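Below is one structure, written out as structure tokens; comments come after it.
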Amino acid sequence: MTIAANVNQCVATIKGIEAQLSILALNSEEESAQRAFHEVMGEMEKIRNELQNRVTQIELEEPQYKNS
Amino acid sequence: MTEPVDIVIRTFLFIAILFLITKIVGKKQISEITFFEYVSGITIGSIAAEVIMGLERNISYGVVSILIFGLVSVFVDFTSLKSKKFRDIVEGSGTVFIKDGKIQEDNLKRERFSTDELASLLRKQNVFKAADVEFAVLETTGDLSVLLKKENRPLTPKDLQLVVANEKEPQTIIMDGKINNDAMSQAGKTREWLDTELAKLGATIENVFFGQIDSYGELTVDLYDDQIKVPSPQQRPLLNAMLKKCHADLELFALETDSESAKKMYAKNAKRMNEAIQKLQPYLN
């Protein structure tokens, strides 16, 4: 496993987290819980974007790892 | 009309009347919180018994007096809602038995309570040591309400300065294998949602004896067949684990990379992730 693959995996996990958060936010009755889930969802998106950028960068620097 | 038939008719009639009167007067009558409710409760019962069995008496007398008692009860309730003075007279007020941790002997005497009776009332409230009590009132019902000293009260999250999430009341959506549609709409859930959730648990509605949803929309069920194991909701613990895994991954990336800027980026995001975990902590447990 290359680092690019590892980071990609992490991105996928974060995507999963976002989906879970979205489900929880929709299903929760309690307003403060809904808000917390939504806020963290936004945070996750920021983290995901930065990781995604890093993956692109790695792939540019070391094209041999692409699609690995 | 023969006597037994008369008694049967009277009994059914008075069951109906008593039911009606208690419905009108309401739950207050049943709880017997005030003197007045105590008195009227006893009297209504006695009148009913008297008239049912006493065949020489006219039914209408009993009906009228029960109605009067019911109406006066309602009237007293409404008046005491409006006037505090009236309330004090009719309902009375509590007597302070223990104040600032000290037993008020004079008040005890006024209510004609012996020390044994006080001790017994305290024990009913799970207090075996009078020294643990800060404040205690004898309510008009004859119950003792006890405020313990702070150090003897149960520990709450507030005492520990813990942040905990508020939870709404769970809704019981399945009873005896039948869907409770009112509770479903209260919780804002549809039949389709329920079907998918039940499929996740591997159960059908007919199998479910009792099913509730909590404020996170998680379904917990009790099945008729107690041999079958039902998975408990895993969504939130799983999410917590995923968040922690991501946090660990990010920290690992930060250590592994040689690029200075990437290291910074990973560290920043690891911190962000940690903040998110802290923020969700109250809701994911």
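Any read-out appearing in this document is the output of simple, stated calculations on the displayed coordinates, not a laboratory observation. Because the structure is a prediction, the values reported are computed rather than measured. All Cβ positions, even for glycine, are placed from backbone atoms using ideal geometry, and neighbour counts span all protein chains on display.
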**Request:** Let me know the shape class of chain B, please: from the alpha-carbon gyration tensor, a ≥ b ≥ c as square roots of the eigenvalues, rounded when a/c is under 1.5, otherwise prolate if a/b is greater than b/c, or oblate.
**Result:** oblate
**segment B:17-92: GluC sites (Glu not before Pro) in DSSP loop, at most 14 other beta carbons within 10 Å** = B:Glu56
**Request:** Take the Cα atoms of segment B:1-106, build their convex hull, and give its volume per residue in Å³.
**Result:** 134
**Message:** Checking the a/c ratio against 1.5 first, then a/b against b/c, what shape does the Cα gyration tensor give for segment B:76-181?
**Reply:** oblate
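In Å³ and rounded to a whole number, note down the convex hull volume per residue for the Cα atoms of chain A.
Working: hull volume 4.4 nm³, N = 68.
Hull volume normalised by residue count: 64 Å³.
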**Prompt:** About its Cα centre, what dipole magnitude does chain B give when the only charges are +1 on Lys and Arg Cβ and -1 on Asp and Glu Cβ, stated in debye to the nearest 20?
**Reply:** 1020
**Fill in**
The answer for B:Leu223, listing residues at least 5 apart or on another chain whose modeled amide H is closer than 5 Å to its amide H, is B:Phe209
**Asked** Under the definition of partner shielding as Cβ atoms of other protein chains within 10 Å of a residue Cβ, what is the mean value for peptide B:272-282?
**Response** 4
**Item:** Helix B:115-124 axis, angle to chain B major axis (alpha carbon atoms, nearest 10°)
**Value:** 50
**Asked** When you look at the Cβ of every residue in A:32-40, what mean number of other chain Cβ atoms sits within 10 Å?
**Response** 5
**Fill in**
Quick calc of log₁₀ I(q)/I(0), segment B:148-261, Debye, one scatterer on every Cα, no solvent, q values 0.12, 0.19 1/Å, result -0.67, -0.99
**Message:** I need two numbers for the protein assembly as shown: Rg to one decimal and Dmax as a whole number, Cα atoms only, in Å.
**Reply:** 33.0, 109
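Counting only other residues whose beta carbon sits under 9 Å from that of B:Gly217, what net charge do I get with K and R as +1, D and E as -1? List each step's numbers first, then the result.
Working: positive: B:Lys189; negative: A:Glu29, B:Glu197, B:Asp214, B:Glu218.
Combined, the nearby Lys, Arg, Asp and Glu give -3.
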